[in-house]
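K.L.:
I'd like to ask some things about the structure below.
The values are calculated or read from the model by the stated rules, or taken from the named source; none is laboratory data. Every value quoted in this text rests on a predicted model; they were computed, and no experiment measured them. Cβ: placed from backbone, ideal geometry, glycine included. Neighbour counts: every protein chain shown. What goes into the accessible areas is simple: the full protein's heavy atoms, side chains included, and nothing from ligands, DNA or RNA. Shrake-Rupley method; radii C 1.70, N 1.55, O 1.52, S 1.80 Å.
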Amino acid sequence: MKNIHNIFSVEGKRVLITGAANGNGKAIAEGFGDAGSELFLLDIDHENLEIVANDIERETNSKVHRAIVDLRVPEEIDRFLDSNDNFDVVINNAGVTHNNHLIDYKDSDWDATYKVNLYAPYKIMQKVSKNMSQKKSGSIINVTSLGAELGFPNNPAYVAFKGALKQLTKAAACDLSPNGIRVNSVGPGYLKTNMTTASWNDKKLRLERTNKIPLGRWGEPDDLIGIMIFLASDASSYITGQDFYVDGGWLAKGL
């Protein structure tokens, strides 16, 4: 029987988090820092990444590593992971969005969204799973979106690649489960981040979004911490290939 007092512990686990300088990634990093994990934080935003890392080091006992990596550039991913491949938990959180109607969508925006939202998680999973396989243990968490399940207007690349990441999660879970590696996805609903600032500031859109949420409020980045800790810990040791939506009930709502 597992010790219920330690079942949710992630203390001492080596946790890689992409897109850690802002929004959801920042909150997730702070949550794992509070829980005593050793953090490896990646982002392209050098200034904010330093602030986040320094704050976590000052306020917790966690050790924090940070690296500037442009996930649009495969060579930068390879360079980092060639020197850092020993992780217990990997959270593919980084994502970009480029809004436009399908008819007017730019190939450059499509390519940039693909590289960050799908190719980078694929490449990271492929490389870190080799070391995890040797240890016969590991948890990989891919951050998807409501857009992985529902169509949203004026954002074809984001919806396409978040849906693809959801399916990649299932494929990876099948391939990696014999090696003791679990792979799951977490799909945020409407959380108050930089990515949703325009919708939040538009009072009409804010009300329309809120009315779709049974819990009656937009989420906060901190709302992701609990599910992330759960999926990283032994509490979820028999869970893989699953999709978890932190959306206030949006997907469940009919009329």
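K.L.:
Can you tell me how many residues within segment 136-149 are in a helix (DSSP H, G or I) and open to solvent by 40 Å² or more (accessible area, probe 1.4 Å)?
P.N.:
0
K.L.:
Of all residues in segment 160-203, count the ones that are of a type in the set (Lys, Arg), farther than 13 Å from Thr97 by Cβ and part of a helix (DSSP H, G or I).
P.N.:
Qualifying residue count for the region: 3.
K.L.:
Here's something else I'd like to know. Go through segment 58-75 and give me each residue that's open to solvent by 60 Å² or more (accessible area, probe 1.4 Å), part of a helix (DSSP H, G or I) and touching a residue at least 24 places away in the same chain (Cβ under 8 Å).
P.N.:
Initial filter on segment 58-75 (open to solvent by 60 Å² or more (accessible area, probe 1.4 Å)): 58-59, 61, 63, 66, 68, 72, 75.
Subset that is part of a helix (DSSP H, G or I): 58-59, 75.
Of everything in segment 58-75, just one residue is open to solvent by 60 Å² or more (accessible area, probe 1.4 Å), part of a helix (DSSP H, G or I) and touching a residue at least 24 places away in the same chain (Cβ under 8 Å), namely Glu59.
K.L.:
Moving on. Any residue at all in segment 19-40 that's free of Cβ contacts under 8 Å to residues at least 12 places away in the same chain, small (Gly, Ala, Ser) and part of a helix (DSSP H, G or I)?
P.N.:
Narrowing segment 19-40 to residues free of Cβ contacts under 8 Å to residues at least 12 places away in the same chain: none.
There is no residue in segment 19-40 that is free of Cβ contacts under 8 Å to residues at least 12 places away in the same chain, small (Gly, Ala, Ser) and part of a helix (DSSP H, G or I).
K.L.:
All but one of (1) under 16 Å from Lys127 (Cα atoms); (2) part of a loop (DSSP other than H, G, I, E, B); (3) open to solvent by 20 Å² or more (accessible area, probe 1.4 Å) hold for Asp78; state the number of the condition that does not hold.
P.N.:
(2)
Yes/no matrix, rows are residues, columns are (1) outside any helix (DSSP H, G or I); (2) hydrophobic (A, V, I, L, M, F, W, C); (3) within 25 Å of Thr196 (Cβ to Cβ); (4) within 15 Å of the chain's Cα centre (by Cα):
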site	(1), (2), (3), (4)
Val96	yes, yes, yes, yes
Asp111	no, no, yes, no
Tyr114	no, no, yes, no
Lys123	no, no, no, yes
Asn131	no, no, no, no
Gln134	no, no, no, no
Phe152	yes, yes, yes, no
Tyr158	no, no, yes, yes
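K.L.:
Still on this structure, I have one more. Where residues in segment 150-198 are free of Cβ contacts under 8 Å to residues at least 60 places away in the same chain and among the β-branched types (Val, Ile, Thr), which of them is most open to solvent (accessible area, probe 1.4 Å)?
P.N.:
Selected residue: Thr197.
K.L.:
Next question, about the same structure. What is the residue count in segment 204-246 for residues that are assigned to a loop (DSSP other than H, G, I, E, B), out of contact with any strand residue (DSSP E or B) (no Cβ under 7 Å at 6 or more places or on another chain) and open to solvent by 20 Å² or more (accessible area, probe 1.4 Å)? Break it down stepwise before answering.
P.N.:
Start the filter on segment 204-246 by keeping residues that are assigned to a loop (DSSP other than H, G, I, E, B), which leaves 212-218, 220, 233, 237-242.
Retained after the next criterion (residues that are out of contact with any strand residue (DSSP E or B) (no Cβ under 7 Å at 6 or more places or on another chain)): 212-217, 233, 237-238.
Retained after the next criterion (residues that are open to solvent by 20 Å² or more (accessible area, probe 1.4 Å)): 212, 214-217, 237-238.
So the answer is 7.
K.L.:
Going through Leu102, Leu49 one at a time, which residue ends up being open to solvent by less than 20 Å² (accessible area, probe 1.4 Å), free of Cβ contacts under 8 Å to residues at least 60 places away in the same chain and hydrophobic (A, V, I, L, M, F, W, C)?
P.N.:
Working: Leu102 fails: open to solvent by less than 20 Å² (accessible area, probe 1.4 Å).
It is Leu49.
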